[in-house]
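The values are calculated or read from the model by the stated rules, or taken from the named source; none is laboratory data. As the structure is a computational prediction, the values presented were derived from the model and not from experiment. So basically every Cβ, Gly included, is an ideal-geometry build from the backbone, and we count neighbours across all protein chains shown. With ligands, DNA and RNA removed, areas are computed over all heavy atoms of the protein, side chains included. Shrake-Rupley method; radii C 1.70, N 1.55, O 1.52, S 1.80 Å.
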Amino acid sequence: MGLIAIAANPASGRDIRRLVSYATVFNNREKQNIMERVILAAAQMGEHRFCIMPDSFHFAERVIAHLVEDLRSVPEGLVYLPDLPCSDGQEDTTAFARYAEEQGADVLIVLGGDGTSRAAAKGLDRLPLIPISTGTNNVFPEVAEGTVVGMTAAALASHIIPAEDCCQRCKRIEISLNGKFQDIALIDVVFSSCLYSGSKALWKQEDMNQIVVTQCHPASIGFSALLGACTIVHPEDEWGAMAVCGGDAPNTRVALAAGVVTAAALSHVCSVPLYEPLTFQMDQSGILALDGERELRYRAGDTLTLNITRRGPRRVALASALALAQAKGFFRMGS
């Protein structure tokens, strides 16, 4: 019997960027609907258990009450809530990801945005990850139907397909301060001199001094789009990119938020090979925004080192996984 772990961030898709742009508000009821479709689909493709992360919205309790107690569509005991603390912060997702890997889960499904995926990645080593987009700037997670995700998770949990045949080790940016490792980002690191503005989310282009990305494309929205307006870096490329923001007259149009195209000034755009660390000697205090949120403060005189590596999470390619499963007869019935 396979074990499928599910983590949903009740705060994703509801930050300040909803007030300063035209982004959709992704409510928690719809997140619960997605989780239920994941579980229903996976349960119809084999016998599996489902472990749901504790959270302030009580997703696990709501799903159990609806699917197990009311609809009786999933047998009792197959969906459970682990005995883990709930602080209503990013550390919950990191701790749950680590717990799922330690428990021998076959796959971790995460509902949220770039920040939620980053939090999960901090707790993962080998466990395959399926990130579903329910956040604000969603460069890393993808929009996916819960039914498709559930079938994919069931194929992995049934061991019909080896995880290594449908997973790619993602890139990440490893950040050190004065020689000591501090944190990671999956998509972008932005240097900002704006320490506080009433929100943890960074959203104004004029607050950005420099940016480093693992991937960028003009089809993305958010900070990586700054570089995506000038160059393209794919997830499979063995390099990232960087640029200096501000200083001169605007020379680039960028979709920094939903419905908002902003004029921005970019210079010194260049590629950054993997495993070739970038070192910055800071001449003023500021803060690093990691995947969109202010996280790491630095002071004048500090040394920051950023290293783009391929030590990120093992991400599942949904379409490839289901194609492999289909070839192995996963969808056939009877003899």
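Annotations for the structure displayed:
- Any hit, segment 268-280, residues being more than 26 Å from the chain's Cα centre (by Cα), among the small types (G, A, S) and under 18 Å from F191 (Cα atoms): no
- In this structure, G329 does not satisfy being open to solvent by 50 Å² or more (accessible area, probe 1.4 Å) and either in a loop (DSSP other than H, G, I, E, B) or within 14 Å of V212 (Cα to Cα) (or both).
- Residues in segment 119-156 that are closer than 14 Å to I187 by Cα, surrounded by fewer than 21 Cβ atoms within 10 Å (Cβ to Cβ) and either modelled with pLDDT under 95 or not charged (D, E, K, R) (or both): E142 only.
- Residue check, G115 surrounded by fewer than 24 Cβ atoms within 10 Å (Cβ to Cβ), in contact (Cβ under 8 Å) with a residue 60 or more places away in the chain and outside any strand (DSSP E or B): no
- Scanning segment 180-204 for residues that are at pLDDT 60 or above and either open to solvent by 10 Å² or more (accessible area, probe 1.4 Å) or among the charged types (D, E, K, R) (or both) returns K180, F181, Q182, D183, D188, S193, C194, L195, Y196, K204.
- Any hit, segment 37-49, residues being out of contact with any Gly (no Cβ under 9 Å at 6 or more places or on another chain), in contact (Cβ under 8 Å) with a residue 12 or more places away in the chain and either open to solvent by less than 50 Å² (accessible area, probe 1.4 Å) or of a type in the set (D, E) (or both): no
- Screening the candidates L288, L256, L324 for the property of being modelled with pLDDT of 95 or more, surrounded by 15 or more Cβ atoms within 10 Å (Cβ to Cβ) and part of a strand (DSSP E or B) yields one hit, L288.
- Every residue from segment 213-223 that is modelled with pLDDT under 95 and of a type in the set (S, T, Y): S220
- Residues that are out of contact with any Asp or Glu (no Cβ under 7 Å at 6 or more places or on another chain), closer than 29 Å to T147 by Cβ and part of a loop (DSSP other than H, G, I, E, B), drawn from segment 291-319: G312, P313, A317
- Among the residues of segment 221-247, those identified as surrounded by fewer than 24 Cβ atoms within 10 Å (Cβ to Cβ) and either in a loop (DSSP other than H, G, I, E, B) or charged (D, E, K, R) (or both) are I221, A229, C230, T231, I232, H234, P235, E236, D237, E238, G246, G247.
- Segment 87-107, residues that are outside any loop (DSSP other than H, G, I, E, B), in contact (Cβ under 8 Å) with a residue 60 or more places away in the chain and of a type in the set (S, T, N, Q): T93
- Hits in segment 36-67 - residues which are of a type outside the set (A, V, I, L, M, F, W, C) and part of a loop (DSSP other than H, G, I, E, B): Q44, G46, E47, P54, D55, S56, H58
- Residue within segment 68-85 that is in a loop (DSSP other than H, G, I, E, B), over 22 Å from the mean Cα position of the chain (by Cα) and hydroxyl-bearing (S, T, Y) present: yes
- Some residue of segment 84-93 being open to solvent by less than 20 Å² (accessible area, probe 1.4 Å), out of contact with any His (no Cβ under 6 Å at 6 or more places or on another chain) and under 19 Å from V316 (Cα atoms): yes
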